[in-house]
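J.: Pasting a structure here, questions to come.
The values are calculated or read from the model by the stated rules, or taken from the named source; none is laboratory data. Note that the structure is a prediction, hence the values are computed from the model and not measured. Please note: Cβ atoms are built from the backbone with ideal geometry, for glycine as well, and neighbour counts cover all protein chains shown.
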């Protein structure tokens, strides 16, 4: 991935707020959930959820996930976004959790007292192994695909 492509994708991730996370339940049925997220330089995506939410329960049985991030579009030339596949897990490292939650608070206009909700929520990370960048403003069907490797 070129440095320009990396910068384009990072700027896109920073300028958007919501990902659609796809998980599989215990009966192999797909489910999707919209979630606020923050990202890092390695394209990891982080979100907060209740441990009892459907997608969180699904993640305990199957950590393989897919996600999309895209803005609303009304014309085919406006279609752009990311398709992502990877592995999701909870964050248990308290220092990492503190850093990510600080980013979360900087990115979003959260209501007073939301710190309590954050403290009671599980912090998750999606570590992408594959990304597809789509941008019809370049040309119809334009896409770039990337295989990523992660180290913990």
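J.: Of the residues 86, 81, which single one is modelled with pLDDT of 95 or more, buried (at least 16 other Cβ atoms within 10 Å of the Cβ) and within 15 Å of residue 143 (Cα to Cα)?
T.: 81
J.: Taking region 116-145 on its own, how many of its residues are loosely packed, with under 11 Cβ neighbours inside 10 Å and modelled with pLDDT under 90?
T.: The number of residues fulfilling the criteria is 3.
J.: Looking at region 1-45, which of the residues that are without any contact (Cβ under 8 Å) to a residue 24 or more places away in the chain and in a strand (DSSP E or B) is farthest from the chain's Cα centre (by Cα)?
T.: 30
J.: Name the single residue, out of those in region 46-62 being in a loop (DSSP other than H, G, I, E, B) and exposed (fewer than 14 other Cβ atoms within 10 Å of the Cβ), that is farthest from the chain's Cα centre (by Cα).
T.: Going through the qualifying residues, I end up with 52.
J.: Can you give me the number of residues within region 108-118 that are more than 20 Å from the chain's Cα centre (by Cα), farther than 15 Å from residue 38 by Cβ and not in a loop (DSSP other than H, G, I, E, B)?
T.: Number of matching residues: 2.
J.: Take residue 65 and decide whether it is within 17 Å of the chain's Cα centre (by Cα) and within 16 Å of residue 132 (Cα to Cα).
T.: Criteria met by residue 65.
J.: Tell me the residue from 103, 132, 127 that is in contact (Cβ under 8 Å) with a residue 60 or more places away in the chain, assigned to a strand (DSSP E or B) and either in contact with a strand residue (DSSP E or B) (Cβ under 8 Å, 6 or more places away or on another chain) or within 14 Å of residue 23 (Cβ to Cβ) (or both), please.
T.: Only one candidate passes the filter, namely 127.
J.: Still on this structure, I have one more. Give just the number: which of (1) modelled with pLDDT under 95; (2) buried (at least 16 other Cβ atoms within 10 Å of the Cβ); (3) farther than 18 Å from residue 12 by Cβ does residue 109 not satisfy?
T.: That leaves (2) as the condition not met.
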